[in-house]
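Read through the structure below, which is laid out as structure tokens, and then see the notes.
The values are calculated or read from the model by the stated rules, or taken from the named source; none is laboratory data. Because the structure is a prediction, the values reported are computed rather than measured. Cβ sites come from the backbone with ideal geometry, for glycine too, and all protein chains shown count toward neighbours.
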Amino acid sequence: MSSSARARSAFLLLYGALLAWQVDRWCFTPHGLASTWSGRGDRRVASAGGPDGIVQTFPMGADGLNGVWLRATTDGRAPVSELVVDLSARRGAASVRLERVAVAAADVVGTRAFRVPFREQRHSRGRTYELRLRHVRFAPGPALDLAITRENLLTEGRLFADGRERWGDLVFETSAARATLPYWRHEVFRAWPAWVWSWPSIAVIVVAFNVVLVWACARATGVIAMPEDDVPFEVTGVRSTDAAPDGIATRRLAYTAAVAVAGWGVLLALWPTSRDRTLDLIDALPDARIETTWESVHGGVAFRFTDFPIGRYRTIHALPTTRLAWTIDVPRDAVFRAGASMRPDLWDANSDGIQMGVTVIDGDVRTPLTLLTLFPMVVAEHRRLVPIDLSLHPWAGRRITLVLESTPERAGNAVNDVPVWAEPRITWPRRPSAGEARIVPSN
């Protein structure tokens, strides 16, 4: 085969593969699906066997919703039951059921994922749906557990298990019969004038893109010859032994790299470490029991990075009234540390102040540790991050509930009231005899 024939074959293979990829992505692969499938972070489980089951609300970004993929987690035993899945459309606070599907729970045991099909919802883009999963038992047996995340991946979605909202989302992914190109037309080009995202304009853009792609593939494969320089590059006056790679220089570079890596390892080994160990309560936020007077957990509680005059901190914004409760096994000489403040950009806002309190519950005994009243609009001393250091020594070796509560001050007016808990954590000595702080998940 001649060189020109090989170049043409390479061109056809390269451009053909790229064209097939475009057709697949634009015409057969939906974009805008609701999904938490590839989310990072730990997984936990929620049982669909409770009286209220599991409910996940989600916004849909693609037309043609026709199913959902779920992930079951079982111990290998086959539940003698069915999983009933209801798909509903959310209309404000109400929901209208669209379809009910029953899945034999025994059929999903041992599978990594299973799909529940629905009748196609042709115009599903931009709408909010509700997925309800209930485990109907016909005989004694294990319940079917479903994987859920520890992260709020769907910012506009909400997850409920047995009627109580959870911090996280169901591990799922929707499927759709409609393709990507309409999504790009409406979502990607929506900010441009209407003529840009008209179908004739999109056709011109696609054709122009492929013309450039054909030219690039032809240049890459040699179908279009590369321009040659008029004067070839020559090296004169250099002996071949001098032009060869310098083995000594290469060895020196390798030795230098090895010494640098070894030195960095020694530096890390000798770097001083803290005398205390730390349990970060922000990382354990999914394990807390959250109660709020706001419409949803995520409406009242949020994780943020907050800038203060002394630096940036990881914080929990807990709008009043909100109660965060962690169940903790307390080690010896443990201390609760945090910072408390009103959000800095609201220090000058018209507000009647907030209250922030820390309480320990040990069985039936409630012990308030601190109660702060912050009124930064009037009191200059409150325009800062107030440090909190509270000893948990009386509860060493016991399992307690640590409660952080934020409430509005005075008449209960919460306007411009955004309490901030900065880096709440439990610290305790590193010595083995002190034990270890552990979070006991509340759900």
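The condition of being crowded, with 19+ Cβ neighbours inside 10 Å and of a type in the set (D, E, K, R) holds for only one of R314, R323, that being R323. All conditions but one from (1) of a type outside the set (K, R); (2) modelled with pLDDT under 95; (3) farther than 26 Å from R275 by Cα apply to D333; the one that does not is (3).
Table: residues versus (1) part of a loop (DSSP other than H, G, I, E, B); (2) within 14 Å of D329 (Cα to Cα).
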site: T359; (1), (2): no, no
site: P368; (1), (2): no, no
site: M377; (1), (2): yes, no
site: R384; (1), (2): yes, no
site: P387; (1), (2): no, no
site: D417; (1), (2): yes, no
site: V420; (1), (2): no, no
site: R425; (1), (2): no, yes
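Just one of the listed residues (G397, G435, G357) is more than 28 Å from the chain's Cα centre (by Cα) and either hydroxyl-bearing (S, T, Y) or under 27 Å from G168 (Cβ atoms) (or both), namely G357.
Which one of A380, A338 is among the small types (G, A, S) and free of Cβ contacts under 8 Å to residues at least 40 places away in the same chain? Break it down into steps so the answer makes sense when it comes.
On the way: A338 fails: free of Cβ contacts under 8 Å to residues at least 40 places away in the same chain.
Matching residue, one of A380, A338: A380.
When the residues of segment 363-416 are filtered to those that are within 29 Å of G311 (Cα to Cα) and of a type in the set (S, T, Y), the one that is surrounded by the fewest Cβ atoms within 10 Å (Cβ to Cβ) is S391.
For segment 159-172, the criterion of being at pLDDT below 75, small (G, A, S) and exposed (fewer than 15 other Cβ atoms within 10 Å of the Cβ) is met by no residue.
Being of a type in the set (A, V, I, L, M) and over 12 Å from R132 (Cα atoms) is the filter here; which residues of segment 40-67 pass it? Walk me through it before giving the result.
Taking segment 40-67 as the starting set, the residues that turn out to be of a type in the set (A, V, I, L, M) are 45-46, 48, 54-55, 60, 62, 65.
Answer for segment 40-67, where residues must be of a type in the set (A, V, I, L, M) and over 12 Å from R132 (Cα atoms): V45, A46, M60, A62, L65.
In segment 324-349, how many are more than 17 Å from V440 (Cα to Cα), assigned to a strand (DSSP E or B) and either in contact with a His (Cβ under 6 Å, 6 or more places away or on another chain) or of a type in the set (D, E, K, R) (or both)?
Of the residues in segment 324-349, 1 are more than 17 Å from V440 (Cα to Cα), assigned to a strand (DSSP E or B) and either in contact with a His (Cβ under 6 Å, 6 or more places away or on another chain) or of a type in the set (D, E, K, R) (or both).
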